[in-house]
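Written out below as structure tokens is the structure these notes cover.
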Amino acid sequence: MTTPDFSFTLAGQDGQARAGLIATAHGKVPTPTFMAVGTAGTVKAMTADAVRATGAKIVLGNTYHLMLRPTAERVARLGGLHKMMDWPGPILTDSGGFQIMSLAKLRKLEEKGVTFRSHIDGTPYELTPERSTEIQHLLDSTITMQLDECTKFPATHKEAMDSMELSIRWAKRSRDAFVKRPGYGQFGIMQGNVYEDLRRHSAAALVDLDFEGYAIGGLAVGEGQAVMFEVLDYCTDFLPAQKPRYLMGVGTPDDLLGAVARGVDMFDCVMPTRAGRTARAFTSNGIFNMRNARFQDDSRPLDENCTCLCCTRHTRAYLHHLFRCEEMLGPMLLTIHNLTYYQNVMQGARAAILNKEYDAYCADVRGNWQRGPDA
């Protein structure tokens, strides 16, 4: 069977909100979509079957973590990341730049790339745009990300410009190193902090390199939702309508709804899985803390509108009990639910866009969040 080319097809639009379909070598992804984060080759507390049951069509891995353990070369010898983690569907891999800046020890940034010491054992490494691209190729990533520098926040215009221009030069080197083949894609990453002129310049330079898709980096780093939305209001317009747009590291369900309204197609964030491990539940009636004593005699499902394993088989009281006893099943069940809820929000958004009812959908979802756990 012939492998399809990597492509993005727009199926419908309501205002700036878009519903589309990404075709890849490993399957199709309806958009808008939320990517479950499987940083080290696993979505924490989840089997691959459990991830599939949430409705996820694409997952995310990370260059930095996988290059340290078990190494990209070992993953390749074992048949690639798809085989190793039992995920034959699409996988996007982050380039490792953000993790180097946030986790690595004694890092040094140069034109060539980044030298750093592992946060695990202090072993020295070098990561260049070429090496990052090679690692992602060894992993057999469906979507490869360019290596970029993650601009700090806040940053002056000069600091943001210098960082953005370095990321553009690294984008060219990443693009040159990318091995093109049917059904695989590489995304460039727009930088520029909160400065419209820099975002415009970054986007134009990346579009000239003709990536298969474009990411919006450097947001959700402390600027707050209002500022993030202000930046998205203009920067999605700088990106090609016929290519997917990916907002990196975002966010809450409300962040996702607002970003979709501004023309974003793809998202990832550790929030639903991390929250699941710390007793926080995202539900159609808002966010619950399952350690709260109010749930100890509550025999209702966590979310009556959800059909996941957690909500159809167990009660709020049982979840409360599991977390109070520090049983590992509590984080497992709540992670299943949170990821399912995120997928449900995205599926609902897609249906609303196709029906040209997106504003009403957002108002309804946000209204339900205000009802609280006793509704």
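Throughout, read-outs are computed from the coordinates displayed, never taken from laboratory work. The structure presented is a predicted model; accordingly, all values stated were derived computationally and were not measured. All Cβ positions, glycine included, derive from the backbone under ideal geometry; neighbour counts span all protein chains shown.
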Under a no-solvent Debye model with one identical scatterer per Cα of segment 304-353, what's log10 I(q)/I(0) at q = 0.18, 0.23, 0.25 Å⁻¹? -0.58, -0.80, -0.89
Using only DSSP helix segments of four residues or longer, with each worth -39500 (n - 2.57), what per-residue ellipticity at 222 nm results for the chain after dividing by its residue count and rounding to 500? -12000 deg cm²/dmol
Partnerless cysteines (no other Cys beta carbon under 4.7 Å) identified across the chain are CYS150, CYS235, CYS269, CYS308, CYS310, CYS325, CYS362
Got the relative contact order for segment 30-269 handy, in percent, Cα pairs under 8 Å and 6 or more residues apart? 16
In a Gaussian network model of the chain with springs linking alpha carbons closer than 10 Å, the residue among TYR184, TYR195, TYR358 that fluctuates most is TYR195
Amide H contacts under 5 Å for GLY20, placed H, 5+ residues apart: ALA11, THR31
Taking a straight Cα-to-Cα line shorter than 29 Å from LYS356, and setting aside same-chain lysines fewer than 8 residues away, one finds LYS28, LYS57, LYS243
Within the under-12-Å Cβ sphere about ILE91, not counting ILE91, Lys/Arg +1 and Asp/Glu -1 give a net charge of -2
Under the Karplus relation with 6.51, -1.76 and 1.60 and θ = phi - 60°, whole-Hz ³J(HN,Hα) for segment 173-184, x at Gly and Pro, equal 5, 5, 5, 5, 7, 6, 8, 6, 8, x, x, 10
Per the Kirkwood formula on distinct C-alpha pairs, the Rh of segment 30-269 is how many angstrom? 17.9
Could you give the spread of the C-alpha atoms of segment 56-117 along their three principal axes, from largest to smallest, in whole angstroms? 36, 25, 19
